[in-house]
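First the structure, in the form of structure tokens, and then the observations on it.
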Amino acid sequence: MKYDVIIIGGGPAGLAAACAASEKGAKKIVIIERDKELGGILNQCIHNGFGLHYFKEELTGPEYAGRFVEMLRKTDVEVKLDTMVLEVGQDKVVHCISTREGYQALEGRSIVLSMGCRERTRGAIAIPGDRPAGIFTAGAAQRYVNMEGWMCGKRVVILGSGDIGLIMARRMTLEGAKVLACVELCPYSNGLNRNIVQCLNDYNIPLYLSHTITDIQGKERVEKVVVSKVDENRAPIPGSEIVFDCDTVLLSVGLIPENELTRSAGIAMDRRTNGAIVFENMETSVPGVFGCGNVVHVHDLVDFVTAESMRAGAAAAQYAVGQEAGGPVLEVKTGNCVTYTVPQHIRRENVEKTVEVFFRVDNVYRDMVIQVKDGENLLCQFKREHMAPGEMEKIVIPRVHLDKVQGENITITVEKQ
Amino acid sequence: MTNLICIVCPKGCHLAVDEEKDFEVTGFGCARGVDYGKKELTNPTRVITSTVKIQGGIHKRLPVKTDRDIPKGMISQAMALLDTVELTSPVKVGEVVVPDICGTGAAWVASRDM
Ligand SMILES: Cc1cc2nc3c(=O)[nH]c(=O)nc-3n(C[C@H](O)[C@H](O)[C@H](O)COP(=O)(O)OP(=O)(O)OC[C@H]3O[C@@H](n4cnc5c(N)ncnc54)[C@H](O)[C@@H]3O)c2cc1C
Ligand code: SF4
């Protein structure tokens, strides 16, 4: 069986890629999803705040996913649910398995990787103390409460101030639990500001910045958690301990792109994003294999996932009909304050009018200017009043500026205004 | 002068609202921030989301939301209305689950098909 485009993962990234590939004229498209329905992580994100850019209205996660599933129904895209991809092999053969169809090897002219990410649990392993029941990642708790109908605690301490932790602080409170504290190692929050306001402040949940959990006690179930202040080197300060009587700890300590398939396919990875290195059209180092969404870099806004994935889907469709992208490559380098960029590589000839570059900064800054430079030459700049690691930045660079570049790379740097 | 963070969209603009000047808002990125700044200091409201029990669906819970923002002070009353609700699949997105929440005119509606 030969497909034009095989899409691995049916979350918002896979859905948008499929819609765009179909619109670009790809004929045989399939989405392979291991869950029993499409929508990915959005199905458990029942809160609102999705779609303001793309649909110009505020939707909940399931509504946002639902809109794309509707759009998909109007196309001929095939969907394989309950099907797990095991390997992306040589010559773009996708090996997958399901109880209904057994083992299958599907060949694609192009492939889109959109497997999303999973939650980091390393924080849990590093916490000293007992190993009782009652310690969950925030996303797992979200799935229990919102989809499966299991309440998972009465008195809760949350470690980490990522968005999922903040959202769950509010959710557990609304369901009758007492959230005693949200504890963050960094001196700033890693979640969106709006979530600090509407999830913590609205419900008087204290946020302890520059603090961490230093002990978990309990025999069967969590009974006590010890929280300590940390110094500039993030080492706990003796004598600063606060003890909370609680039965549950939720961990919101970051997400890791789900890249086992990517790595084993021999695709070049970026150590900063933990995702594949991509070109302007989201193509990876293996021609005809594209990546988009959280598997490439962790996004906080689904709208950006959609936009990026539509580019990937369209490019995958073009590749499938033999329109390969090529030409000389500009490397995008990171300057001051910038921790990574996506894309990492740009092929000028393949940029129509503009190219979007996403990145994050390493700290909280005010009144900064983002500069795009060719060596010492300034190509263009963008002002920002406020920047934070928890808020992904996006700049749009016009092609005319790229055409001026003399060297083999450009640098994105953030400077004081 | 009160400093607020606009929660209308994920951009999270830093607003300043001047109570002395009839709640004049500065620092907004778009017009919705002006409305939010004024409302937050006069009559703060929120859209609330939750879930209800459902029989015969793909999951055990159906997500719901208030179809418009309701006063912040009414959140717990609005939540209590969901405790006794039990639906049977199929339900369509937008279907009313509980009408007229505590006399506000807002309704709890389903936020997906199930
Ligand atoms: C808790 C939470 C709250 C969020 N809140 C907001 C918000 O308020 N506003 C906003 O705009 N954005 C929000 N986001 C961000 C946004 O929802 C995500 O960035 C987006 O859903 C990522 O989409 P994705 O398709 O890349 O990944 P996912 O949604 O994770 O989809 C990946 C899919 O791939 C499947 N898959 C993985 N591996 C395989 C395999 N080997 N075989 C088959 N299938 C596979 C998975 O089952 C999954 O369905 C939130 C995210 C989270 C986690
Ligand atoms: S002012 Fe407008 S752009 Fe800024 S956060 Fe509010 S809604 Fe978003």
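The values are calculated or read from the model by the stated rules, or taken from the named source; none is laboratory data. These numbers come from a predicted model, not from an experiment. A quick note on method: Cβ atoms are made from the backbone with ideal geometry, for glycine too, and the neighbour counts reach across all protein chains shown. Quick note on the areas: whole protein, heavy atoms, side chains included, nothing else; ligands and nucleic acids left out. Shrake-Rupley method; radii C 1.70, N 1.55, O 1.52, S 1.80 Å.
Here are the numbers for this structure:
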read-out: Some residue of the stretch A:62-70 being loosely packed, with under 14 Cβ neighbours inside 10 Å and out of contact with any Gly (no Cβ under 8 Å at 6 or more places or on another chain); value: yes
read-out: Answer residue from the stretch B:54-71, given it is in contact with a strand residue (DSSP E or B) (Cβ under 8 Å, 6 or more places away or on another chain) and within 7 Å of chain A (Cβ to nearest Cβ) and is least open to solvent (accessible area, probe 1.4 Å) among those; value: B:63
read-out: Restricting the stretch A:28-57 to residues that are charged (D, E, K, R) and open to solvent by 80 Å² or more (accessible area, probe 1.4 Å), the residue that is farthest from ligand 2 (Cβ to nearest atom); value: A:28
read-out: Number of the condition not met by residue A:214 [criteria: (1) surrounded by 16 or more Cβ atoms within 10 Å (Cβ to Cβ); (2) part of a strand (DSSP E or B); (3) among the β-branched types (Val, Ile, Thr); (4) modelled with pLDDT of 95 or more]; value: (4)
read-out: Complete set of residues in the stretch A:164-210 that are surrounded by 21 or more Cβ atoms within 10 Å (Cβ to Cβ), more than 12 Å from chain B (Cβ to nearest Cβ) and small (Gly, Ala, Ser); value: A:165, A:169, A:177, A:181
read-out: Residue that is nearest to the other protein chains (Cβ to nearest Cβ), among those in the stretch A:243-267 that are loosely packed, with under 14 Cβ neighbours inside 10 Å and either within 15 Å of ligand 1 (Cβ to nearest atom) or among the aliphatic types (A, V, I, L, M) (or both); value: A:260
read-out: Enumerated strands (runs of 3 or more DSSP E) restricted to the stretch A:270-364, each holding at least 1 residues that are of a type in the set (D, E, K, R); value: A:330-334, A:354-361
read-out: Residue count for the stretch A:217-230, restricted to those that are open to solvent by less than 30 Å² (accessible area, probe 1.4 Å), outside any loop (DSSP other than H, G, I, E, B) and under 14 Å from residue A:156 (Cβ atoms); value: 2
read-out: Candidate set: the stretch B:5-18, residues that are more than 8 Å from chain A (Cβ to nearest Cβ) and modelled with pLDDT of 90 or more; chosen: the one nearest to ligand 2 (Cβ to nearest atom); value: B:15
read-out: Residue list for the stretch B:27-40, restricted to those being surrounded by fewer than 16 Cβ atoms within 10 Å (Cβ to Cβ) and away from chain A (no Cβ under 12 Å); value: B:31, B:35, B:39
read-out: Scope the stretch B:3-25; condition more than 22 Å from residue A:57 (Cβ to Cβ) and either surrounded by fewer than 15 Cβ atoms within 10 Å (Cβ to Cβ) or within 19 Å of the chain's Cα centre (by Cα) (or both); matching residues; value: B:3, B:4, B:16, B:18, B:19, B:20, B:21, B:22, B:24
read-out: Residue identified as touching a residue at least 12 places away in the same chain (Cβ under 8 Å) and either of a type outside the set (A, V, I, L, M, F, W, C) or outside any strand (DSSP E or B) (or both) among B:17, B:93; value: B:93
read-out: Exclusive hit being facing another protein chain (nearest Cβ under 9 Å) and within 15 Å of residue A:47 (Cβ to Cβ), set B:47, B:93; value: B:47
read-out: Selection from the stretch A:82-95 of residues that are part of a strand (DSSP E or B) and under 14 Å from residue A:265 (Cβ atoms); value: A:85, A:86, A:87, A:88, A:93, A:94, A:95
read-out: Cβ-Cβ under 7 Å pairs, at least 6 apart or on other chains, the stretch A:128-150 side surrounded by fewer than 16 Cβ atoms within 10 Å (Cβ to Cβ), far side part of a helix (DSSP H, G or I); value: A:150/A:144
read-out: Filtered residues of the stretch A:143-174 (kept if over 20 Å from residue A:197 (Cβ atoms) and in contact with a strand residue (DSSP E or B) (Cβ under 9 Å, 6 or more places away or on another chain)); value: A:144, A:145, A:146, A:147, A:148, A:149, A:152, A:153, A:154, A:155, A:157, A:159
read-out: Only one of B:37, B:56, B:27 that is of a type in the set (Gly, Ala, Ser), more than 16 Å from ligand 1 (Cβ to nearest atom) and on the phi < 0 side of the Ramachandran plot; value: B:37
read-out: Flag if residue A:240 is more than 13 Å from ligand 1 (Cβ to nearest atom), buried (at least 19 other Cβ atoms within 10 Å of the Cβ), more than 14 Å from chain B (Cβ to nearest Cβ) and modelled with pLDDT of 95 or more; value: no
read-out: Number of positions in the stretch A:190-212 that are of a type in the set (Ser, Thr, Tyr) and more than 22 Å from residue A:155 (Cβ to Cβ); value: 1
read-out: Those residues of the stretch A:1-19 which are part of a helix (DSSP H, G or I) and surrounded by fewer than 24 Cβ atoms within 10 Å (Cβ to Cβ), in sequence order; value: A:19
read-out: Residues (out of contact with any His (no Cβ under 8 Å at 6 or more places or on another chain) and buried (at least 20 other Cβ atoms within 10 Å of the Cβ)) located in the stretch A:327-341; value: A:337, A:338, A:341
read-out: Qualifying residue in the stretch B:75-82 (condition: in contact with a Phe, Trp or Tyr (Cβ under 8 Å, 6 or more places away or on another chain), within 10 Å of another protein chain (Cβ to nearest Cβ) and part of a helix (DSSP H, G or I)); value: yes
read-out: Residues of the stretch A:28-79 classified as farther than 20 Å from residue B:67 by Cβ, within 14 Å of another protein chain (Cβ to nearest Cβ) and assigned to a loop (DSSP other than H, G, I, E, B), total; value: 8
